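This report refers to the structure that appears directly beneath it.
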Amino acid sequence: MDFTFTEEQQAAVEAARAVFSDVAPDRTPSPALAPGAVAEDIDRQLWHELARTDLLGLTLSPEHGGAGLDPIALCLVLRESAKVLARVPLLESCAVATAVERYGERTLAAELLPRAGRGELILTVGANGRSGHDPAELAVSARPYGEGDGSGASDGADGETGGPSGGSGWVLDGVQSAVPWAQVADWIAVPAHTAGGRPVLALVPRTRDGVTLADQVSTSGERLAEVRLEAVRVEPRELIDVAGCWDWLRSLLTTGTCALALGLGERVLAMTAEYTGRREQFGFPVATFQAVAVQAADRYIDLRAMEATLWQAAWRISTTAGGPLPAAGDVAVAKIWASDGVRRVVQTAQHLHGGFGADTDYPLHRYHAWAKQIELSLGPAAAHEEALGDLLAAHPLG
């Protein structure tokens with residue numbers, strides 16, 4: 001397979017490196033010292049700079065003011081953002097915008113996407129459900145407005161009443177936990193399920209009646225929110241009822257998180273190489289000791305495996321190309337390597353840094369906290385191995 005990047009993708013990387021070159025990971029208080037969230041808001045200066053350089057509209061079509069690139073380009077930029085622990089909802093906002101353009105109504109896309117690309121709107125998504133263990137769409141129910149009130153309107157789908165074709169909208173009830181930056185987002189993408197069990201995706205303004213937020217804090221010290229929806233009404237155009245929409249968005253979010261894991265791991269390994277190259281014992285840099293070199297080499301192998309599986313997954317969701325397994329199989333493999341790999345990289349880095357790695361004046365502990373948050377977001381590798389096994393059983397190879 002050939003993972004050579006196009007000139008446009010490489011240009012996006014160069015633009016991202018230029019933007020992130022001025023970002024310091026220690027702009028905010030240490031998550032180890034902050035009693036709550038390290039900050040109330042995103043890095044607005046960085047957000048505006050990303051908008052100025054057109055990186056927020058990277059995957060949007062020129063029709064909506066975007067660059068028209070694919071998810072691979074987004075993953076390349078995310079990889080760079082993780083190296084500086086960029087505190088912006090780049091993944092969530094771009095992923096939701098791309099899903100809206102791909103599956104949503106044209107009027108909604110025309111209203112939201114140009115402003116999202118200019119950084120005027122922030123989009124986020126609840127992808128963790130109530131607990132983070134069950135499918136997110138099961139945490140929220142979507143019923144046609146008027147169901148059970150005797151209106152009797154019906155759209156003929158799944159035996160439901162008053163659906164989109166009736167023009168009366170939908171009502172959402174449920175909870176999505178650990179929604180990133182919900183407090184500052186303008187719109188929240190909420191996966192839900194209908195009475196017939198099919199997944200849908202609703203776009204809900206944060207200030208809509210019935211939406212309440214409760215503060216939560218991530219392992220990395222960033223603001224999350226429990227988003228509770230109580231009889232929240234959404235217009236027909238605000239609910240995307242297209243087969244495959246939520247599955248595709250979830251795959252993009254997962255693949256983007258793998259890109260963050262890769263970028264973070266690469267930066268941590270570089271920090272470790274720099275530190276062990278100048279730290280001396282017995283008159284020699286510790287990097288020259290076999291035990292140190294072997295551990296660092298093992299982590300380099302982890303990163304190369306994370307990279308190969310990431311680009312395979314990103315390519316599958318960026319194209320309509322088939323394969324022996326559905327794209328979900330490639331995403332599962334990327335998750336397996338990213339979840340375990342990022343943990344091993346930061347653990348080895350802490351070990352090779354000694355006590356210096358826990359010094360809150362040194363940035364390594366921040367990367368460790370972010371890596372743990374990424375690992376928790378991806379979930380345990382064993383669960384992904386089980387999902388991959390199910391796919392292999394359903395699609396025998398050979």
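The values are calculated or read from the model by the stated rules, or taken from the named source; none is laboratory data. Bear in mind the structure is a predicted one, so any value in this text is a computation, not a measurement. We place every Cβ from the backbone using ideal geometry, glycine too, and count neighbours over all the protein chains shown. Areas reflect the complete protein model, heavy atoms only, side chains present, ligands, DNA and RNA absent. Shrake-Rupley method; radii C 1.70, N 1.55, O 1.52, S 1.80 Å.
Points to keep in mind about this one:
- Of all the listed residues (VAL204, VAL190), the sole one being open to solvent by less than 30 Å² (accessible area, probe 1.4 Å), over 30 Å from HIS368 (Cα atoms) and either part of a strand (DSSP E or B) or in contact with a Lys or Arg (Cβ under 6 Å, 6 or more places away or on another chain) (or both) is VAL204.
- Identity of the residue in region 355-382, in contact with a Phe, Trp or Tyr (Cβ under 9 Å, 6 or more places away or on another chain) and of a type outside the set (A, V, I, L, M), that ends up surrounded by the most Cβ atoms within 10 Å (Cβ to Cβ): GLY357
- If the condition is being assigned to a helix (DSSP H, G or I), free of Cβ contacts under 8 Å to residues at least 40 places away in the same chain and open to solvent by 80 Å² or more (accessible area, probe 1.4 Å), then region 11-51 contributes GLU14, ARG44, GLN45.
- Residue match in region 122-142 (condition: open to solvent by less than 10 Å² (accessible area, probe 1.4 Å), modelled with pLDDT under 95 and of a type in the set (Asp, Glu)): no
- On the stretch given as region 40-94, residues that are closer than 22 Å to LYS372 by Cβ and within 15 Å of the chain's Cα centre (by Cα) total 14.
- Count of region 173-187 residues which are within 25 Å of GLY379 (Cβ to Cβ) and assigned to a strand (DSSP E or B): 7
- Filter pass, GLN216 being at pLDDT 95 or above, in a strand (DSSP E or B), surrounded by fewer than 23 Cβ atoms within 10 Å (Cβ to Cβ) and not small (Gly, Ala, Ser): yes
- Residue that is surrounded by the fewest Cβ atoms within 10 Å (Cβ to Cβ) [pool: residues in region 64-98 that are within 23 Å of ARG27 (Cβ to Cβ) and of a type in the set (S, T, N, Q)]: SER81
- Failed criterion for ARG316 (all others in (1) open to solvent by less than 40 Å² (accessible area, probe 1.4 Å); (2) without any contact (Cβ under 8 Å) to a residue 24 or more places away in the chain; (3) closer than 22 Å to VAL84 by Cα hold): (3)
- Unique residue being open to solvent by less than 50 Å² (accessible area, probe 1.4 Å), within 18 Å of LYS83 (Cβ to Cβ) and either free of Cβ contacts under 8 Å to residues at least 40 places away in the same chain or in a helix (DSSP H, G or I) (or both) when the list is VAL333, VAL346: VAL346
- For ALA273: the one exception among (1) surrounded by fewer than 19 Cβ atoms within 10 Å (Cβ to Cβ); (2) out of contact with any strand residue (DSSP E or B) (no Cβ under 9 Å at 6 or more places or on another chain); (3) touching a residue at least 40 places away in the same chain (Cβ under 8 Å): (3)
- Scanning region 360-398 for residues being over 27 Å from SER131 (Cα atoms) and not charged (D, E, K, R) gives a total of 11.
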